[in-house]
There are 2 protein chains.
Amino acid sequence: MSLIVQKYGGSSVGSVERIQNVANRIKAKQEQGDQVVAVISAMGGVTDSLLDLANQISSQPSQRELDVLLATGEQQSIALLTMALHEIGIDAVSCTGRQAGVLTTGTHTAGKVHSINAESVLNNVKQGKVVIVAGFQGINEQGDIHTLGRGGSDLSAIAIAHAIGADKCEILTDVDGVYTCDPRVVPKAQKIQEISYDEMFEMASSGSKVMQARSVEFAKKHNVVFEVRSSLNQNSGTLVIEETPAMEAVVIRGVSIERAQARITITGLPDVPGTSAKVFTALSGAEVNVDMIVSNNTHEGLTRHSLTIPQSQYLQAKQALEPVLSAISDEAQLESEQGIGKLSVVGVGMKSHHGVAAQMFEALGQAGINIGMISTSEIKITITLAEEDLERGAQVVHTAFGLDA
Amino acid sequence: MSLIVQKYGGSSVGSVERIQNVANRIKAKQEQGDQVVAVISAMGGVTDSLLDLANQISSQPSQRELDVLLATGEQQSIALLTMALHEIGIDAVSCTGRQAGVLTTGTHTAGKVHSINAESVLNNVKQGKVVIVAGFQGINEQGDIHTLGRGGSDLSAIAIAHAIGADKCEILTDVDGVYTCDPRVVPKAQKIQEISYDEMFEMASSGSKVMQARSVEFAKKHNVVFEVRSSLNQNSGTLVIEETPAMEAVVIRGVSIERAQARITITGLPDVPGTSAKVFTALSGAEVNVDMIVSNNTHEGLTRHSLTIPQSQYLQAKQALEPVLSAISDEAQLESEQGIGKLSVVGVGMKSHHGVAAQMFEALGQAGINIGMISTSEIKITITLAEEDLERGAQVVHTAFGLDA
């Protein structure tokens, strides 16, 4: 008998029929002899409707009150799923984040899991009950309702799996697993059987939409093995685990892309301490999400920064930088390029294989695709390119690294 | 500076515009120098939508899970109202039932207020904040979410007013106050300025829809003065207070009616101990709400019970009684009359005035209206009559007791 945590996302519980489908899946698991704790998102669309109501009332609603409002979505879905389980004869009980003992820290609408007191969940499990937990939420030290931000239900599931010592954690979603690339972009993309936490983290950070990077980070930190699989069929999914020596045999695990990026290049900055800090403090103060940063010095003693940001944040970045640059130096200038994309290859095999970057650039060069910025980490290489080259670039790189199977 | 509890019902917060209207009313109160704690129902229609979802999943949903589901309605409305207050510059904070310290007992979906730990609400009040509390909900000893059943938000408001030692409790609703009769039935009905708890209780028990009787009972027990008034205008409403000597000068405070009733008469019961218990145990086991009971013995040593029930429960009452009657005696028979109404007059003045019943019956007799069952309490006389005579009966009685003003 295994103790299994399953997480079902909003589209998996998006209607009465789908809730009943999830109930039947849980029943099937139980009939196999497993004990199930399920972590549930709000019914698809509910969170957006609630946000819409809030925005009708205020353009900048209180984050604390947004948490109170948004947490109702999951509270509704856990009650409905629990009723659906009762209806098919399964003894089940719902828990809000508070009742599941999820204690949070951090700012409202972007909470972090501080700790989990799993006593109540475990007591219910011991009594043979299926426990249905509201994902995405907990309470903070003040006892206030606190949500975990985008992808928060994945984080809830992994944290609860850790807290109750589950044998397995399944992230059930509307895709079959993690693919070598988005199959809508690369039709030859293959489902990955096993992937390391680090690879999964880098893919999530570089555009793969399957999971949020921070959930993967939490799983790695606490060594929670989890499987990403479909809630719509019984196919096996992708197992996310600690890196094994065999994994290094594969040079590249996957290719990820990110659209709608912009590049900002700042030139003519005097190469003196504190100048860069002024630039990046201005951007972070304006809540601009800077991703790649490439910096170098010219022989005139000047510094040049190039950085990528989401295109949607281009104007706020420009407005934040202009006064700072004027204050620093008359020479300081801002150039930009919009309509670019990012293409990344990820794989722990990079650590033991040489020439991966060269192989990637050659494949792109042969396809006539121009490379913009380049940035590398131990297991990832990211480049920028024109957005119209993005899909073709992903395809040629996917083929070049033998991922087409 | 007064500390005021205001309760706003579902129709008062039924849309974004109405929520903003409530926020403005609260702001106006605060600008008068008062401190406000507001108890809020779910937005009109939300509770019904949630019940509908639950019923799509189960014809008999778990009561515990219904509480989890239904409590989200108030949690949403408190967050939205708090945002609306912030938007007009008022420092406000929301509290769920749990955060307001509402501890409950009793069965799920029909909770009772056990006690209130008002520390958190009072702390917020001390900081000058408007506190917006979710009505209708609390948590029980197990920490489970628990709703208070129909009219529960009124009960929440009165209990919180008591717990925080409020100077006043206002029940804001879509009517101007308590009337001597429903103005749709008796166009000459007058708004009552002051009414005693007992009168209010009896009117609520006998068909007045303004408030649930148990909220009035709670207010009386803890001596919480409250005012029923409109959330749509600034008219003064009806003050519900402890009985004063002056109140007895008025014989009848009001007339209330109840439609769609049925009478069941059981004849031929042997007049021996335990027989009546069998009859009424069968009815209560079938969850039939028995109201009036009139019993008497015949000279043959037989007992006869007449009782009224809601017409909608007639079939379940009949099915519950038939096997019991057969088991008691071959003589026992069940007669019934459907399509009847109840008409009540209520007033503490009855205690010191004689001939009230005679005056009521005479008015009805002169109008050619036939009286069925009669039952009396210290401050109420209730009769049954044909439902088609109900409105006319209310009008003639209203006139006869000088309530037309």
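Quick look at the values:
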| item | result |
| --- | --- |
| Hits in segment B:172-187 - residues which are out of contact with any helix residue (DSSP H, G or I) (no Cβ under 6 Å at 6 or more places or on another chain) and either in contact (Cβ under 8 Å) with a residue 40 or more places away in the chain or not in a loop (DSSP other than H, G, I, E, B) (or both) | B:L172, B:T173, B:D174, B:V175, B:D176, B:G177, B:V178, B:Y179, B:T180, B:D182 |
| The listed residue being more than 21 Å from A:T267 (Cα to Cα) and charged (D, E, K, R), out of A:D404, A:D330 | A:D404 |
| Looking only at segment A:276-302, and only at residues there that are in a loop (DSSP other than H, G, I, E, B) and surrounded by fewer than 16 Cβ atoms within 10 Å (Cβ to Cβ), the one that is nearest to the chain's Cα centre (by Cα) | A:N289 |
| Test for B:A71: is it within 8 Å of chain A (Cβ to nearest Cβ), in contact with a Phe, Trp or Tyr (Cβ under 9 Å, 6 or more places away or on another chain) and either surrounded by fewer than 20 Cβ atoms within 10 Å (Cβ to Cβ) or farther than 21 Å from B:R229 by Cβ (or both) | yes |
| Residue match in segment B:131-142 (condition: acidic (D, E), over 16 Å from B:S41 (Cα atoms), in a loop (DSSP other than H, G, I, E, B) and within 14 Å of chain A (Cβ to nearest Cβ)) | yes |
| Every residue from segment B:290-334 that is of a type in the set (S, T, N, Q) and farther than 22 Å from B:R259 by Cα | B:S295, B:N296, B:N297, B:T298, B:T303, B:Q319, B:S326, B:S329, B:Q333 |
| Condition check for B:I266: in contact (Cβ under 8 Å) with a residue 12 or more places away in the chain, within 30 Å of B:E387 (Cα to Cα) and either not assigned by TED's automatic domain parsing to the domain that holds B:T376 or not polar (S, T, N, Q) (or both) | yes |
| Within segment B:107-130, considering residues that are in contact with a His (Cβ under 8 Å, 6 or more places away or on another chain) and more than 12 Å from every other protein chain (Cβ to nearest Cβ), the one surrounded by the fewest Cβ atoms within 10 Å (Cβ to Cβ) | B:I116 |
| Checklist (1) more than 9 Å from chain B (Cβ to nearest Cβ); (2) over 21 Å from A:G111 (Cβ atoms) applied to A:H86, failing item | (1) |
| Residue match in segment A:27-36 (condition: facing chain B (nearest Cβ under 10 Å), of a type in the set (A, V, I, L, M, F, W, C) and within 23 Å of A:G138 (Cα to Cα)) | no |
| Which listed residue is closer than 30 Å to B:Q63 by Cα and of a type in the set (A, V, I, L, M), from B:V250, B:V175, B:V240, B:V210 | B:V210 |
| Matching residues in segment B:97-106 - criterion: being facing chain A (nearest Cβ under 8 Å) and within 23 Å of the chain's Cα centre (by Cα) | none |
| Filter pass, A:T244 being of a type in the set (S, T, N, Q) and not assigned by TED's automatic domain parsing to the domain that holds A:I381 | yes |
| Single condition B:F226 does not satisfy, out of (1) over 19 Å from B:A394 (Cβ atoms); (2) assigned by TED's automatic domain parsing to the domain that holds B:A357; (3) not β-branched (V, I, T) | (2) |
| Residue selected from segment A:39-65 under the condition buried (at least 17 other Cβ atoms within 10 Å of the Cβ) and either in contact with a Phe, Trp or Tyr (Cβ under 6 Å, 6 or more places away or on another chain) or among the charged types (D, E, K, R) (or both), by the criterion nearest to the other protein chains (Cβ to nearest Cβ) | A:E65 |
| Subset of segment B:394-405 that is surrounded by 19 or more Cβ atoms within 10 Å (Cβ to Cβ) and part of a loop (DSSP other than H, G, I, E, B) - its residue that is farthest from the chain's Cα centre (by Cα) | B:F401 |
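Yes/no per residue for (1) without any contact (Cβ under 8 Å) to a residue 40 or more places away in the chain; (2) not in a loop (DSSP other than H, G, I, E, B):
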site: B:S336; (1), (2): no, yes
site: B:G341; (1), (2): no, yes
site: B:A358; (1), (2): yes, yes
site: B:A363; (1), (2): yes, yes
site: B:G372; (1), (2): no, no
site: B:T376; (1), (2): yes, yes
site: B:D389; (1), (2): no, yes
site: B:R392; (1), (2): yes, yes
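The values are calculated or read from the model by the stated rules, or taken from the named source; none is laboratory data. Everything quoted here is computed from the prediction, not taken from an experiment. FYI the Cβ positions are ideal-geometry reconstructions off the backbone, even for glycines, and counts take in every protein chain you see.
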